[in-house]
Amino acid sequence: MAGPIRVAVTGAAGQIGYSLLFRIASGQMFGPNQKVILQLLEVPIEGPMKALSGVAMELDDCAFPLLESMVLTSDPAVAFRDVHWALLVGSKPRGPGMERADLLKDNGKIFVAQGKIIDEVASDDCRVAVVGNPANTNCMIAAHQAKRLPKSRFTAMVRLDQNRAATQLAKKAGVPVTDVSEIFIYGNHSPSMFADFTHAKIQGKPATTAITDRTWLEDEFLPTVGKRGAAIIAARNLSSAASAANALVDHVRDLCTPGAIHSIAVESDGSYGFSPGVWAGVPVKTTSPGSWEVVKSYTMDSFAQSKIAITNEELVGERDTVKEMLA
Ligand code: NAD
Ligand code: LMR
């Protein structure tokens with residue numbers, strides 16, 4: 001059994017937190033041989049801190065063998081001290097009728113402050129995963145505060161979109177989701193994202209030979225995946241939570257698994273036509289636990305290039321909106 005790792009989770013008393021913490025403590029994120037110390041951050045307000053104490057009681061009541069201890073705090077310097085992973089969930093979710101980018105001004109400030117503190121107090125090998133929306137740009141904001149930690153340590157979650165896309169393709173083709181592979185998300189975690197069906201595979205063959213209805217792929221599949229978050233908000237009156245927590249488990253677990261190929265949002269080096277410096281979803285291969293390289297081998301046709309150009313333009317626009325938050 002390895003020594004414990006320290007994992008900070010922000011917004012720990014929120015909806016996603018309530019699904020996420022139990023998955024981490026049970027070993028689903030870091031594996032069955034890895035003990036964890038959970039360092040849980042909430043806002044310094046009585047309601048959320050009291051709710052957090054209740055969540056901690058429930059974690060205790062699970063008697064998880066891998067949960068070494070917990071820290072409950074409203075002080076970011078305590079929450080992020082010596083952490084190996086910082087999972088940045090805490091921020092405002094959107095409501096009906098809003099786009100995720102509408103959250104930028106409010107949530108962006110959180111990521112300026114937390115990026116700075118993480119850089120000051122986290123472990124040298126700290127990895128940061130951003131979930132709070134708009135996730136790509138919040139991640140860029142946090143990464144820009146870092147002077148010590150390399151920007152490659154800061155990733156944002158587009159895995160929920162990858163998982164959504166895989167299920168939609170599987171349902172259309174009438175196959176189990178495990179028969180779908182190489183479906184990757186390019187660009188922003190927003191309706192402009194491109195879920196690249198052109199290189200996806202179903203039972204090892206091009207998805208476009210299993211699903212020959214191109215109109216469905218372009219006009220139904222892409223919008224269904226892109227607007228799934230809004231569909232869930234319309235149905236639940238709350239944003240996705242269990243599926244988001246599940247996607248973060250997948251994101252971190254695959255980033256800890258050398259050889260895994262998966263979609264994450266990282267600082268663009270210009271691959272696939274993204275503007276250098278925006279945080280764009282791309283396929284990456286995990287090279288060693290917590291490190292990755294972009295998979296650059298997919299050749300995009302003119303349709304895919306036009307979709308990538310649209311989502312890139314949105315990311316560049318978000319970056320312009322927050323330019324004063326980029327140190
Ligand atoms: P929620 O409102 O249920 O919980 C958020 C929690 O964060 C609250 O308890 C709040 O008190 C706390 N919080 C707010 N500011 C904080 C701060 N500065 N420090 C620490 N805690 C803070 O929201 P939720 O449903 O858990 O969603 C959280 C975020 O995740 C939202 O921005 C939502 O849009 C986003 N989200 C992203 C994805 C994705 O795929 N990237 C998916 C689902 C949700
Ligand atoms: C999602 O995709 O479900 C989340 O980003 C929540 C939202 O605002 O759509």
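The values are calculated or read from the model by the stated rules, or taken from the named source; none is laboratory data. From a predicted model like this one, the values you see are computed outputs, not experimental measurements. Don't worry about glycine lacking a Cβ; one is built from the backbone with ideal geometry, like all the others, and counts go over all protein chains shown. Areas reflect the complete protein model, heavy atoms only, side chains present, ligands, DNA and RNA absent. Shrake-Rupley method; radii C 1.70, N 1.55, O 1.52, S 1.80 Å.
Which one is most open to solvent (accessible area, probe 1.4 Å), of the residues in the range 214-247 that are of a type in the set (A, V, I, L, M) and in contact with a helix residue (DSSP H, G or I) (Cβ under 6 Å, 6 or more places away or on another chain)?
Ala242
For the range 75-89, name all the residues that are touching a helix residue (DSSP H, G or I) at 6+ places or on another chain (Cβ under 6 Å), open to solvent by 10 Å² or more (accessible area, probe 1.4 Å) and either away from ligand 2 (no atom under 16 Å from the Cβ) or among the polar types (S, T, N, Q) (or both).
Once the filter is applied, which keeps residues that are touching a helix residue (DSSP H, G or I) at 6+ places or on another chain (Cβ under 6 Å), open to solvent by 10 Å² or more (accessible area, probe 1.4 Å) and either away from ligand 2 (no atom under 16 Å from the Cβ) or among the polar types (S, T, N, Q) (or both), the range 75-89 yields Pro76, Ala77, Arg81.
Can you go through Lys109, Lys92 and tell me which one is more than 8 Å from ligand 1 (Cβ to nearest atom) and either open to solvent by 60 Å² or more (accessible area, probe 1.4 Å) or in the same structural domain as Trp279 (by TED's automatic domain parsing) (or both)?
Lys109
Every residue in the range 126-174 that is closer than 16 Å to Leu217 by Cβ and open to solvent by 30 Å² or more (accessible area, probe 1.4 Å), please.
Of everything in the range 126-174, those that are closer than 16 Å to Leu217 by Cβ and open to solvent by 30 Å² or more (accessible area, probe 1.4 Å) turn out to be Thr167, Gln168, Lys171, Lys172, Ala173, Gly174.
Name the single residue, out of those in the range 175-213 being over 29 Å from Pro276 (Cβ atoms) and in a loop (DSSP other than H, G, I, E, B), that is least open to solvent (accessible area, probe 1.4 Å).
Ile211
Yes/no matrix, rows are residues, columns are (1) touching a residue at least 60 places away in the same chain (Cβ under 8 Å); (2) closer than 23 Å to Val128 by Cβ; (3) within 15 Å of ligand 1 (Cβ to nearest atom); (4) part of a loop (DSSP other than H, G, I, E, B):
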site: Ser152; (1), (2), (3), (4): yes, yes, no, no
site: Asp161; (1), (2), (3), (4): yes, yes, yes, no
site: Leu169; (1), (2), (3), (4): no, no, no, no
site: Glu220; (1), (2), (3), (4): no, no, no, no
site: Ala231; (1), (2), (3), (4): no, no, yes, no
